[in-house]
Amino acid sequence: MSKALHIVILAAGEGTRMKSSLPKVLQTLGGRPMILHLLETAAALDPEQVHVVIGSGADRVMEACEGHGVNWVLQAERRGTGHAVMQVIPDIPDTARVLVLLGDHPLIPVSVLAEMTGQDTAPLSVLTMELDKPRGYGRIERDRTGRISGVVEDRDATPAQWMIREVNTGIILADAAHLRRWLGMMGCDNSKNEYYLTDIFAFAHSEKQEIHGVLAPDPRDLQGANDRRQLASLERRFRHLAARRLMDQGVHVIDPERVDIRGPVTTGRDVFVDINVVLEGKNQLGDGVSIGPGAVLKDCALAAGTRVHPHCVLEGVRTSGPCDIGPFARLRPGTVLAAGTRIGNFVETKNACLGEGSKASHLSYIGDTDVGAGVNIGAGTITCNYDGAITHQTVIEDDVFIGSDTQLVAPVIVGNGATVGAGSTITRDVPADALAVSRARQTSIKGWKRPRKKRPE
C-alpha cells in the first residue's frame, strides 16, 4: 500500500534582493502570486496534507492563500532549509512520505513530480538537472558506482566539484521516519552557520540507503526567482508555456513570445490571437473569435464569431452571439452583448446590456443601461447614470434612434421606436414612436464682430 504523501513548501524567504515590501513568494507570476502556482501544483498530486513554512510577511502570505486548506508552520528564525523542515516534521507521521518544494520555484511541472512520487522504493529521492553553467547550485556527488553520495553547496565546493554539471534542484522526496532521524543528525558547521537540508544525502549514503535521482527533462522549468531579473526570466518561460498550451488547443497565436496568458483560457476552433494580447483571469473564447493586437481581456466569455479589434480593454464581458468590438473600446464589468451588437471606437460601457443588432459606434458612454434590439446610439451620447449619491438606470427600448451628442439623464425610459434629436438633454421619459428634441432654437446675428487682440505697435 502506498504511503500517504505530505507536501512541504518552503516559503519563509524574505526576498531582500527583490527590493520589495512583499514577501518573495507573493511576487507575481502571470498576474498571480508565485505561491498560488505551487499550491495548485501540490493539489494536483492529491496529498494527504500540504504544509507551508512561512516567516517574513507571514500574515500576508496566509491571507493570499486563504481557502487552500494549508497547515501553516512558522519559522521564526531563519537558519537554512534544514532548519525550515525541522519546524514542520513534528506535524508529519512516520508512516508518510515527504515531498519538499521551494516556494520560489513555481513552474515545476506536475508530470515531473508525479514521476518522482510514483515510486515507493527508495527512502530518499532528489530531483536533479544538468546545467552547462551551474554556478550557484549545489552539485550532485556520486561514488564510483554511480550512486548519489551527497550534495555540496556551491559556496562550499572545491574547484573540482565546481566542474560537476548535475545539480540539486532543492526538491526532495523522503520517507518521513528516515527524514526525522536525519534532521536530528544535522549540524551547522559551514560558511553560513545554517542547517542545510542537503546534508541528509551524506547521512543516507553512510547508512547505505538507496538515493534515487530523477533528472528533470527541461531545466527551464526548475528556475527560481531571487531577484527581478530572475523573476522576469520566469515570466518569459511562463508566457511561452501558456502560449504553447493555447496552440496545442488549435489557437492561431501569431507570436507566442508576444502574448501574455495570466489565467485559464478555454477555446473553440479557429480562434485567432494577435500580438501583445493580454488574457487575465478566466476567459472563454468561442469558435472563430478574433482578438486584435494590444487587446486586454479579463474574465470574459465571448461567443463564436466575436471580433475584438486592436487596443480594446474588456473586463467581465459576455457576448451571446457574434459581435464587433473596437478598436479602442473599453467594456467594463456587467457588459452583456447580444448577437450582432456593434461597439465602436472610444466607446465605454459599464453594467450595460445591448440587444440584438444594436450599435454604439463612436465616442459614447453607456452605463447602467438596458438597450433593446435594433437601437442606434449616435456619437457623443452619454447616459448620465450617477447623481452624486445614487446610480440610476436608463432603459432604451427596441428600434430607438439616439442622435449625436445626446445626454440621457437617468432614471429615464425611451420607448419603442422613439427618436431623440441630436444635441438633446433628455430628463423625462420619451413615449414610444415619438420625437424628443431638447435644445435652444438657433439664432444668427448678422454683422456680429468677433473681438480681436490688439497687435503691438
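No lab work stands behind these numbers, since they all come straight from the coordinates. Predicted model only: the values in this text are computed from it and were never measured. Note: ideal-geometry Cβ built from the backbone for every residue, glycine included; neighbour counts use all protein chains shown.
Miscellaneous remarks
- Ellipticity at 222 nm from helices only: DSSP H runs of n ≥ 4 in the chain, each -39500 (n - 2.57), divided by the residue count, give -5000 deg cm²/dmol.
- Segments 220-226, 421-427, 431-437 sorted - mean Cβ within 10 Å per residue, highest first: 220-226, 421-427, 431-437
- Cβ-Cβ FRET estimate between Phe401 and His240, R0 fixed at 56 Å, reported to 0.05: 0.70
- The chain: proportion of alpha-carbon pairs further apart than 28 angstrom, %: 62
- Taking Lys and Arg as +1 and Asp and Glu as -1, the other residues whose beta-carbon sits under 14 Å from that of Asn190 total -3.
- Net charge of Cβ neighbours under 12 Å - reference Gly305; Lys, Arg +1; Asp, Glu -1: -1
- Neighbourhood net charge (13 Å Cβ-Cβ; Lys/Arg +1, Asp/Glu -1) for Pro219: -1
- Given their separation in residues at 0.36 nm each and the Cα-Cα distance between them, Glu207 and Glu48 gain 54.4 nm when the chain is fully extended.
- Cα-based shape type of the range 61-109, given that a ≥ b ≥ c are square roots of the gyration tensor eigenvalues and the cut on a/c is 1.5: rounded
- What the Cβ-Cβ distance of Arg181 and Asp270 gives, at R0 = 60 Å and to the nearest 0.05, is a FRET efficiency of 0.55.
- Compactness of the range 249-436 - radius of gyration and Dmax, Cα, Å: 17.0, 55
- Candidate membrane-span-like segments in the chain, meaning DSSP H helices with Cα atoms spread over at least 20 Å of their own axis and a Kyte-Doolittle mean of 1.0 or above, do not occur, with no membrane implied either way.
- The DSSP beta bridges internal to the range 5-222 are antiparallel in roughly 45% of cases.
- Extension reserve of the Arg155-Gln284 stretch, reckoned as 0.36 nm per residue once the Cα distance is removed: 41.6 nm
- Across all C-alpha atoms in the range 5-222, the radius of gyration and Dmax reach 16.5, 49 Å.
- Antiparallel beta bridges, as assigned by DSSP with both residues in the chain, represent about 15 percent of the total such bridges.
- Dipole magnitude for the range 412-457: about 820 debye, using +1 per Lys or Arg Cβ and -1 per Asp or Glu Cβ, origin at the Cα centre.
- Shown is the FRET efficiency for Glu63 and Ala434, computed with R0 = 51 Å from the Cβ-Cβ distance and rounded to the nearest 0.05: 0.35.
- Length-normalised contact order of the chain in % [C-alpha pairs under 8 Å, at least 6 apart]: 8
- Given +1 at the Cβ of Lys and Arg, -1 at the Cβ of Asp and Glu and no other charges, the dipole of the chain around its Cα centre is 2360 debye to the nearest 20.
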